[in-house]
Amino acid sequence: MTREAMKATGLDPDSIEVLEIDNDESAEREGFVGSPTIRVEGRDLQPPAAGQPTGLSCRVYRRRDGRTSPLPDPEDLREALRAATVG
Amino acid sequence: MAIAIGERAPDFDLPATDGRRHALASGSPAATVVYWTCNHCPYALAWHERLIDVARDYAERRVRVLAINSNDSERYPADSFEAMRDRLEREGGWPNPYLFDESQEVAAEWGAERTPDVYVLDSELRLRYRGAPDADYDDPSQRAGWLRDALDAVLEGRDPERAETEPVGCTIKWR
């Protein structure tokens with residue numbers, strides 16, 4: 001999904017940095033609140049609420065139509081990528 | 001260990017958010033649906049409305065539906081018994097009981113792997129379908145079609161055309 005969005009916005013998908021979080025310590029260190037977490041220029045696509053616990057968990061995203069999903073809305077991702085290229 | 005198609009499901013007796021205990025071998029339903037779910041998994045949440053719609057739609061046909069949460073609530077407080085009760089209160093109740101398998105023994109005995117993981121039993125509590133509710137968590141129009149197909153077959157005394165599918169969702173969080 002991220003690779004496709006990168007291609008669609010004219011970015012190089014090979015520049016994606018993948019970080020595997022496999023224990024609670026690294027989750028806490030990275031501020032990881034669940035999988036998948038996608039950050040564009042270090043900014044979370046849907047920044048977690050203050051105080052949301054870190055840990056190895058599945059992440060709940062809200063799509064633009066209000067539905068719950070394990071993945072972010074593709075348009076949110078494209079929008080974040082476009083903003084990063086302009087900025 | 002997992003139960004095989006045609007095998008009688010192991011019994012259980014678990015507490016639920018309604019303040020009662022629910023045993024599998026109770027009453028005389030025409031069919032029983034047992035599904036594993038939880039509060040925090042996005043796949044379980046995505047399929048949730050479709051599953052409780054099945055509970056509502058098949059209640060008149062004497063189908064009993066039981067939801068079970070077996071996740072480790074120490075590492076995942078969002079799946080604690082208290083959080084389950086809070087959720088039910090917030091959502092105004094479900095048509096089916098929401099059971100807590102704190103010891104995780106029921107999930108282990110049944111071989112449940114994911115949330116959701118759906119089991120359809122016939123009137124003799126033999127397993128007739130196990131797997132996902134339908135083909136796509138992201139498509140509400142599928143209306144838990146695989147589960148409905150299996151239930152319709154069992155209620156009509158037929159073998160489900162599709163007896164097993166791959167459960168899709170978060171893994172059960174074991175201790």
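Data table
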quantity: Fewest-first ranking of B:Trp110, B:Trp146, using other Cβ atoms within 10 Å as the exposure measure; calculated: B:Trp146, B:Trp110
quantity: Whole-Hz couplings from phi, Karplus 6.51/-1.76/1.60, listed for region B:129-144; x for Gly and Pro; calculated: 8, 8, x, 7, x, 7, 7, 8, 4, 8, 10, x, 5, 6, 6, 6
quantity: Amide H partners (placed H, <5 Å) of B:Asn69, local residues excluded; calculated: B:Thr37, B:Leu99, B:Phe100, B:Asp101
quantity: The protein assembly as shown: mean projected area of Cα convex hull, nm²; calculated: 15.3 nm²
quantity: For residues of B:131-141, the mean tally of beta carbons on other chains within 10 Å; calculated: 1
quantity: Order of B:Ser103, A:Ser69 under a 10 Å beta carbon neighbour criterion, fewest first; calculated: B:Ser103, A:Ser69
quantity: Residues with amide H under 5 Å from that of A:Leu71, placed H, sequence gap 5 or more; calculated: A:Tyr61
quantity: Magnitude of the charge dipole, the protein assembly as shown, Cβ model with Lys/Arg +1 and Asp/Glu -1, debye to 20; calculated: 600 debye
quantity: Unit charges on C-beta of K, R, D, E only; dipole of chain B, Debye; calculated: 280 debye
quantity: Local net charge near B:Pro97, Cβ-Cβ under 11 Å (Lys/Arg +1, Asp/Glu -1); calculated: +2
quantity: Amide hydrogen neighbours beyond the local backbone of A:Leu56, cut-off 5 Å, H modeled; calculated: none
quantity: Helix B:42-58 vs. chain B, principal-axis angle (Cα, 0 to 90°, nearest 10); calculated: 50 degrees
quantity: Positive-end residue, region B:32-120 charge dipole about Cα centroid, Cβ charges, pick of B:Ala59, B:Ala108, B:Pro77; calculated: B:Ala59
quantity: Cβ-defined net charge surrounding A:Gly42, 13 Å radius [Lys, Arg +1; Asp, Glu -1]; calculated: -2
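Taken together, the values in this text are just the output of simple stated rules run on the coordinates, not laboratory data. Everything numeric here is computed off the predicted structure, so don't read it as measured data. All Cβ positions, even for glycine, are placed from backbone atoms using ideal geometry, and neighbour counts span all protein chains on display.
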